[in-house]
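Each remark here refers to the structure printed beneath this line.
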Amino acid sequence: MKTIVEFEHINATSLDEAAAALAEEGTMATAGGTDIIGTLRFSVLPDALYPTKLVNLKSIPGLDYIKEEGGTLKIGALTRLEDIAINTTVKTKYSCLAEAARKTASPHIREMGTIGGNICQMNRCWYFRCNDNRFDCIRKGGNMCFAMMGDNRYHSIFGAIGACIAVNPSDTAPALVALDATVITTRREIAAGDFWAVAIPGSTVLEKDEIVKEIQIPAPASGVKSWFVKMAIRKAIDFPIVNCAAAIGGGNARICLNAVHNNPYRATKAEDAIKGKAITMENAEAAAEAGLTGTSPMAASGSNPGNKWKVSAAKGVMKQAIMGCA
Ligand SMILES: Cc1cc2nc3c(=O)[nH]c(=O)nc-3n(C[C@H](O)[C@H](O)[C@H](O)COP(=O)(O)OP(=O)(O)OC[C@H]3O[C@@H](n4cnc5c(N)ncnc54)[C@H](O)[C@@H]3O)c2cc1C
């Protein structure tokens, strides 16, 4: 157990410099620091995964912008969530993303936290996040998922990838999937739907020295509206119990839930059910019902309430997100 966290901190001045530093053993990137600093401060990771050097990306100039070019919205990875939430273009044309950013955390965290950090943040499973790495779980190189046998009321309702039932906690992730975004990194272009993964100890397909540079979102087709709905215990400073982004219109639909599975969950059955139909309460309800088929929630046992209740919560949230596109 690490009692004192010590690391070197460097302010990278270019993506090349940052990538070279991240290629070294024992390094990690930081942007706004609102996620990573907490994991270090509370000794969440096992010693072997602790960074000896933090590479600050925020000191790299030119990665903080929102602009439209050739019909594509481009958002620099270091753009703060608050800037996305209040941007007029994002609010009017890519509404689910603005709403997702607006509903994230608190004003202070939105002023610090970046979109790049939001999509790369580690999971919030209370066993994974327990101070002083009390539960060396499978996501950290251990050999079991403590949530499987413990309190899993907020965990996956769609089973596990790699025997871990932690959920992806990002609010902006489902909006990016619904809007068919592409993540541009220092190495490649990744469709948002392929960006997340159960990784040790992270949550993306990124290589260790790979950095998110930009997010690109195609202009919505004529008639498409999008919306985002979040359910959380508190109205602010709280992660989603379940959230949902929908982009519907012009005969098409893209709907993505998050906090229900290891990775954002694209509800293709709901999309098929609502495509080309009028957005009415009945149709939205039928689509949400279809979208939540195939769940495998955790059963209650002893003092563990399980999470069957999350299935109906997710249906309600999805129905509202669909109705928001009317
Ligand atoms: C109290 C509290 C409440 C919160 N509530 C919410 C919430 O409601 N919804 C929500 O979605 N999140 C929430 N968060 C999580 C998180 O802090 C924010 O989502 C924020 O956007 C993270 O961005 P950051 O720039 O601070 O990330 P950092 O902490 O700097 O980085 C997070 C991770 O991403 C990696 N990273 C950062 N930028 C890049 C990049 N460009 N390329 C590659 N890797 C990168 C880092 O290495 C690190 O692993 C909350 C956090 C706190 C502390």
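Computed from the coordinates by the stated procedures, all read-outs in this text should not be read as laboratory data. Here the structure is a predicted model, which means the values were calculated and not measured. Glycine gets a Cβ as well: all are built from the backbone with ideal geometry, and neighbour counts include every protein chain shown.
Data for the structure
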| item | result |
| --- | --- |
| Cα-based Rg of the chain normalised by 2.2 N^0.38 Å, two decimals | 0.97 |
| Dipole magnitude of the chain about its Cα centre (Cβ charges: Lys, Arg +1; Asp, Glu -1), debye to nearest 20 | 1080 debye |
| Neighbour-limited loop hits for trypsin sites (Lys or Arg not before Pro), the stretch 98-152 (at most 13 other Cβ within 10 Å; DSSP other than H, G, I, E, B) | Arg134 |
| Two-site FRET efficiency, Thr89 against Val205, from Cβ-Cβ distance with R₀ of 30 Å, rounded to 0.05 | 0.55 |
| Relative contact order %, the stretch 11-140, counting alpha carbon pairs below 8 Å whose residues are six or more apart | 28 percent |
| Contour minus Cα-Cα distance for Ser106 and Ala48 (0.36 nm per residue) | 17.7 nm |
| Three-way shape label, the stretch 156-205, alpha-carbon gyration tensor, a/c 1.5 | oblate |
| Solvent-free Debye scattering, log10 I(q)/I(0), computed from the Cα coordinates of the stretch 1-80 at q = 0.10, 0.22, 0.27 Å⁻¹ | -0.30, -1.00, -1.26 |
| 11 Å cut-off, amide nitrogen to a point 7 angstrom out along Lys275 Cα→Cβ, residues in the stretch 235-261 | 251-254 |
| Ellipticity estimate at 222 nm from DSSP helix runs (n ≥ 4, -39,500 (n - 2.57)) divided over the chain, nearest 500 | -7500 deg cm²/dmol |
